[in-house]
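Input: a single structure, listed below in structure tokens.
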Amino acid sequence: MDDRCRAAAYASIDGLAYGDAFGERFFSLFRSEAGARRLIAERTAPPDPHWNWTDDTAMALDVLAVLEEHGEALSRPLAERFAATYKADPGRGYGSGMHSLLPRVAAAPDQWESLAALLFGGEGSLGNGAAMRVAPLGAWFHDDLDRAADQAARSAVVTHAHPQGIAGAVAVAVAAALSARGEVPDPAEVAARTPDGAVREGLLRAAELPLGTAPVAAAETLGSGRRIRADDTVPYALWCAARHPDDLESALWATAVGFGDVDTTCAIVGGVVAARTGVAALPREWRERREPLPDIP
């Protein structure tokens, strides 16, 4: 992998971690959504001096580590890393599906495929977890959009066997690849490379929203992750990223307006936009507060 692609991937994961930690603060500081919405409306950064990131970033770091070691998204190494990272720190905010799956994978890593397929009554997970972690992979493979989509699907199936869980990851990876190429991650163009189904349909609805649509109205139309599903998370996140392709801070504030699964929507947007912009323009206080990223082994 050339240095340009690697640099885009590392810029993406930095932005993903900022979005994740920024969005999570609105969950952790307020029992009432009204208090969080007031700060968002005023664009006042949460006062918590320590902005820790969650499972979104932890799993994205695992994806990037596998890319560094193998040059591609190999299933068993991903399964083993996800399980080991979970075992080391299960309190990072993992969803119920991962609490069920990853301990089993740790005990039987060669059975990751059958274990992932057993989730949710044998349908596999259609949640937003594969999408939340995949932007750095899209940036890594941004020279080849078809390969970015294929590798995203391979990275997703390890934990999200449902076709729409996979489709969400494909969409985010393609958007991050477009961003890393210096292009606007337009939802219509992303939809053209996304498998059929609810995620693609949501992207097409996002592409049709009038230019002046407010983020809160877009969130009501598209969903902003309240159901923790790929199809009600990814279209809104990519709509926000496309609206602010050159301004990471504005993109994150706009995304937070939709609330919902705000750490995940902001993680997706941060990973996509930062693949193009980097994070240098973020406020100094954000950079002082966010938990540092570890070195990729």
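Couple of notes before you dig in:
- Hz values of 3J(HN,Hα) by residue in the stretch 174-189 - Karplus curve (6.51, -1.76, 1.60), Gly and Pro given as x: 5, 4, 5, 5, 4, 4, 5, 7, x, 9, 6, x, 4, x, 5, 5
- Reported to the nearest whole Å, the Cα centre-to-centre distance from the stretch 118-183 to the stretch 36-74 is 16.
- From most to least packed by mean Cβ count within 10 Å, the peptides 267-273, 211-217, 124-130, 80-86 give 267-273, 124-130, 80-86, 211-217.
- Paramagnetic label zone (point 7 Å from Cα along Cα-to-C-beta, residue 204; backbone N under 20 Å) in the stretch 142-165: 163-165
- Here's how it looks for residue 127: its modeled amide H is under 5 Å from those of 230, which are all 5 or more places away or on a different chain.
- Under 5 Å, built H, 5+ apart or other chain: amide partners of residue 51: 290, 291
- Theoretical gain in end-to-end length, residue 37 to residue 111 [0.36 nm per residue, Cα-Cα removed]: 22.3 nm
- Full extension of the chain segment joining residue 246 with residue 143 gains 35.1 nm, where the gain is 0.36 nm per residue of separation less the Cα-Cα distance.
- Close amide H pairs (under 5 Å, H built 1.01 Å from N) link residue 141 with no residue at least 5 positions away or on another chain.
- Calculated from backbone phi, Karplus (6.51, -1.76, 1.60) coupling profile of the stretch 129-140 in Hz, x at Gly/Pro: x, 6, 6, 5, 9, 9, 4, x, 5, x, 5, 4
- The label point for residue 216 and the one for residue 285, both projected 7 Å from the Cα toward the Cβ, are 2.3 nm apart.
- The chain: relative contact order in percent, alpha carbon pairs under 8 Å with at least 6 residues between: 27
The numbers here are math on the coordinates, done by the rules we state, and not lab data. It should be emphasised that the depicted structure is a prediction, and the values quoted were computed from it without experimental measurement. As a convention, Cβ positions derive from the backbone with ideal geometry for all residues, glycine included, and neighbour counts pool all protein chains shown.
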